[in-house]
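Data first, discussion second: the structure below is written as structure tokens.
Nothing in this text is a laboratory measurement; each read-out follows from the coordinates by a stated rule. As the structure is a computational prediction, the values presented were derived from the model and not from experiment. Cβ atoms come from the backbone with ideal geometry, glycine included; neighbour counts cover every protein chain shown.
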Ligand SMILES: Nc1ncnc2c1ncn2[C@@H]1O[C@H](COP(=O)(O)OP(=O)(O)OP(=O)(O)O)[C@@H](O)[C@H]1O
Ligand code: SF4
Ligand SMILES: [Mg+2]
């Protein structure tokens, strides 16, 4: 029997509820159920994409792993070691091993620091190198992300969005991270620049064996980069599958609706568009039963009262829906 290897990252039943305060006294009036029981793993050298509409909790998952705030419940393990309950004073190794690249590198890059200093800072802070070794490392990182050498003396505002994102990626790589969380890292870029940065991340992953948690509201972006996809809706994962399986035969009705909006490059292939009714409900007061029931084209009585659990539906795919049908035999939806 094949020995089970420890995943690089394991997230187990993660919950993050933000307290809501109101009234003159600022008393607690409720919660924002931003992330409400999310579980997944990421192996070394693997990319897991987390996708879903705005507000479904994607960034909150990333921030919880980064320990930017305490979680409400659940567990997070890095290389088998629990990290969600580490005291603040013991977070340094974690900060070195898990890095983040945000959507807007301009606001996360110090405008008064030269590019060379921005990339050198984590190397110095973690005591990894100094002197000529530091200079060599910075130059090597700039080569890796394909920034011109003269960029070292320039400031972030002198660069385009794509180049600024390369600076952010070099800084994330600098301390020798195992896992990089890319939170909408290419969402603000032009289409061609998006593709360049996606290719760069893929190449770096192959070269360095990096794991990536790639957060995006856009399913189309992740298709060429990811190994597996977790689809989130209102604080929960509704489907988790290998890329090929998810794009070829999406199982969950929500995944099918999201995917139906993704353009198909082959003009001879037509995808039936599924238009979802209404907006995403509020995470302050999520719907009963299946959270997707207020918008699902296949809703039936049971969906309103009983929550479907994320369960194995074959071939390593997990889905949370009471309709246990393969997509080809699911009820048809009127084309938009
Ligand atoms: N610090 C906070 N305090 C209260 N509510 C918050 C906080 N951070 C996030 N939320 C709420 O939690 C929910 C999930 O937010 P989150 O930023 O994780 O969504 P997202 O999926 O990343 O959305 P987007 O695609 O717009 O970035 C939202 O309703 C958001 O308003
Ligand atoms: S459980 Fe019901 S409402 Fe939820 S996705 Fe499945 S069919 Fe739709
Ligand atoms: Mg976000």
request  = Would you mind telling me the antiparallel percentage of the DSSP bridges in the chain, rounded to 5?
outcome  = 60
ask   = log₁₀ I(q)/I(0) of the stretch 187-336 at q = 0.11, 0.19, 0.21 Å⁻¹, via Debye over equal Cα point scatterers, no solvent, to two decimals?
value = -0.48, -1.27, -1.45
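Sort the stretch 63-136 into rounded, prolate or oblate with this rule: let a ≥ b ≥ c be the square roots of the eigenvalues of the Cα gyration tensor; rounded if a/c is under 1.5, and if a/c is not under 1.5, prolate when a/b is larger than b/c, oblate otherwise.
Values: a/c = 3.01, a/b = 1.64, b/c = 1.84.
Oblate, because a/c is 1.5 or more while a/b does not exceed b/c.
Would you mind computing Rg(Cα) / (2.2 N^0.38 Å) for the stretch 126-236, counting N as its residues?
On the way: Rg = 15.1 Å, N = 111, 2.2 N^0.38 = 13.2 Å.
In units of the globular-protein estimate, the stretch 126-236 measures up at 1.15.
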task = Report the normalised scattering of the stretch 1-72 as log10 I(q)/I(0) at q = 0.23 Å⁻¹, calculated by the Debye formula with identical scatterers on the alpha carbons.
result = -1.09
inquiry  = Compute the helix-to-body angle for 161-173: its Cα long axis versus the longest principal axis of the chain, expressed 0 to 90° and rounded to tens.
reply    = 80
message = Could you check the spin-label model distance between residue 188 and residue 206? Points 7 Å from the Cα along Cα→Cβ, value in nm.
response = 3.0
message = Please compute the contact order of the chain in relative form: average sequence separation of alpha-carbon pairs under 8 Å and at least six residues apart, divided by the residue count, as a percent.
response = 19
note = A correct Stokes-Einstein calculation for the stretch 224-286, using the alpha-carbon Kirkwood radius, 4 °C and 1.567 mPa s, returns a whole-number D in µm² s⁻¹ of 99
ask   = Simple spin-label model, 7 Å along Cα-to-Cβ: residue 73 to residue 128 in nm?
value = 3.8
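If each residue of separation counts as 0.36 nm, what is the full-extension length gain between residue 149 and residue 41 once their alpha-carbon separation is subtracted?
Numbers: separation 108, 0.36 × 108 = 38.88 nm, distance 3.73 nm.
Here the segment from residue 149 to residue 41 would lengthen by 35.1 nm.
Calculate for the chain the 222 nm mean residue ellipticity that helices alone would give, adding -39,500 (n - 2.57) per DSSP H run of length 4 or more and normalising by residue count, nearest 500 deg cm²/dmol.
Details: 11 runs with 97 residues, N = 336.
Value at 222 nm, helices only, nearest 500: -8000 deg cm²/dmol.
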key: Burial ranking of peptide ranges 113-125, 242-254, 79-91 (average Cβ count within 10 Å, highest at the top)   = 242-254, 113-125, 79-91
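To the nearest 0.05, how large is the calculated FRET efficiency for residue 248 and residue 273 if R₀ is 22 Å and r is the Cβ-Cβ distance?
Details: r = 18 Å, r/R0 = 0.80.
Computed FRET efficiency for residue 248 and residue 273 comes out at 0.80.
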request  = Please express the shape of the stretch 1-155 as an equivalent ellipsoid: the semi-axes are the square roots of 5 times the eigenvalues of the C-alpha gyration tensor, given largest first in whole angstrom.
outcome  = 33, 23, 16
inquiry  = Could you order the peptides 284-297, 189-202 from most to least packed, using the average number of other C-beta atoms within 10 Å per residue?
reply    = 284-297, 189-202
task = Using only alpha carbon pairs under 8 Å that are at least six residues apart, calculate the relative contact order of the stretch 185-256 and give it in whole percent.
result = 19
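Apply 1/(1 + (r/R0)^6) to the Cβ-Cβ distance of residue 220 and residue 28, taking R0 = 56 Å, and write down the FRET efficiency to the nearest 0.05.
Numbers: r = 40 Å, r/R0 = 0.71.
Efficiency, from the Cβ-Cβ distance: 0.90.
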query = How much FRET efficiency would the formula 1/(1 + (r/R0)^6) give for residue 285 and residue 114, where r is the Cβ-Cβ distance and R0 is 56 Å, rounded to 0.05?
reply = 0.70
query = Of 51, 264, 231, which is the most mobile in a GNM of the chain whose springs link Cα atoms less than 10 angstrom apart?
reply = 264
key: Distance between the stretch 208-282 and the stretch 78-104 - C-alpha centres, whole angstrom   = 28
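Kindly provide the Kirkwood hydrodynamic radius of the stretch 194-266 in Å, to one decimal, from all pairs of distinct alpha carbon atoms.
Working: mean 1/r = 0.0758 Å⁻¹.
Taking the inverse mean of 1/r over all distinct Cα pairs, the stretch 194-266 comes out at 13.2 Å.
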Angstrom value of the Kirkwood radius, inverse mean 1/r, which spans all Cα pairs in the stretch 99-184 = 12.7
request  = Binning at 20 Å from 0, report for the chain what percent of all alpha-carbon pair distances ends up in each bin.
outcome  = 29, 55, 16, 0
